[in-house]
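The values are calculated or read from the model by the stated rules, or taken from the named source; none is laboratory data. The shown structure was predicted, so the numbers you read here are calculated from the model rather than taken from an experiment. So basically every Cβ, Gly included, is an ideal-geometry build from the backbone, and we count neighbours across all protein chains shown.
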Amino acid sequence: MTTIENLRRREGILFLIAFTACVPAANWLIQNVGTFCVPNGPCLIPVAPGLTAPSGVLLVGIALVLRDLVQRRLGLNWAFAAIALGGLLSALFAPPALVVASVAAFLLSEIVDLMVFTPLQRRGPVVAAVVSSLVGLVVDSIVFLWLAFGGLEFLTGQIVGKALMVLIAIPVLAWIRTRDARLGIAPA
């Protein structure tokens, strides 16, 4: 295995670890951290002036980008394995009342993200990651809120919070793309 292949694999494993860590952390945040916790509901954080969202949104936004990076570094099979592992972790770490919502939203949004990212990555990792993450975060928000809380009251906040994390990731994705080109690192 060449030095470049070793680097790609090590980075892929780091992205995989970070991705899987986002899942239980997001489930913990939604119950424990926020500027206000709704009785029998989520803990909320501000994501824009006058707009709140369940606190797990930030990590879910990051997770969507990290799954794309897992696929880019380790390949499609690893991306599917990451989604399965994330679903399992979501089921293990979500509170009982949120297990179905968390697992369903996670699995569906990550599969949609993967389906959008895969054909788009030929256009470049930044465009593919941003577009697929935006599609995935909308799916995740709708499914999670509907199943967990029976409505879409926090939908705008969810979308804005997750989209902010995707936007914050763009410079990192651009740096990775430039570095990959300089080092000759091809997608897996």
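When you go through LEU145, LEU167, LEU134, LEU173 one by one, which is the residue that is under 17 Å from ALA48 (Cα atoms) and either part of a helix (DSSP H, G or I) or polar (S, T, N, Q) (or both)? Reasoning before the result, please.
On the way: LEU145 fails: under 17 Å from ALA48 (Cα atoms); LEU134 fails: under 17 Å from ALA48 (Cα atoms); LEU173 fails: under 17 Å from ALA48 (Cα atoms).
Result: LEU167 is the single residue among LEU145, LEU167, LEU134, LEU173 that is under 17 Å from ALA48 (Cα atoms) and either part of a helix (DSSP H, G or I) or polar (S, T, N, Q) (or both).
Would you check which residues across the stretch 69-87 are surrounded by fewer than 23 Cβ atoms within 10 Å (Cβ to Cβ) and either outside any helix (DSSP H, G or I) or modelled with pLDDT of 90 or more (or both) and list them?
Hits for the stretch 69-87 are LEU74, GLY75, LEU76, ASN77, TRP78, PHE80, ALA81, ILE83, ALA84, LEU85.
Here is a check on your reading of the model: is PHE117 more than 20 Å from GLY161 (Cα to Cα) and under 13 Å from the mean Cα position of the chain (by Cα)?
When the stated conditions are applied, PHE117 passes them.
Regarding VAL38, is this residue touching a strand residue (DSSP E or B) at 6+ places or on another chain (Cβ under 6 Å) and either under 23 Å from ALA163 (Cβ atoms) or at pLDDT 95 or above (or both)?
So VAL38 fails the test.
Please list, ordered by first then second residue, the pairs with beta carbon atoms under 7 Å, 6 or more apart or interchain, first in the stretch 143-158 and closer than 19 Å to PRO39 by Cβ, second outside any loop (DSSP other than H, G, I, E, B) and of a type in the set (D, E, K, R).
none
Please determine, by comparing only the residues of the stretch 84-135 that are polar (S, T, N, Q) and free of Cβ contacts under 8 Å to residues at least 60 places away in the same chain, which one is farthest from ILE17 (Cα to Cα).
THR118
Yes or no: the stretch 159-179 includes at least one residue that is on the phi > 0 side of the Ramachandran plot and either in contact (Cβ under 8 Å) with a residue 12 or more places away in the chain or surrounded by 13 or more Cβ atoms within 10 Å (Cβ to Cβ) (or both).
no
Just wondering, is there one or more residues in the stretch 90-100 that are buried (at least 19 other Cβ atoms within 10 Å of the Cβ) and under 25 Å from PRO125 (Cβ atoms)?
no
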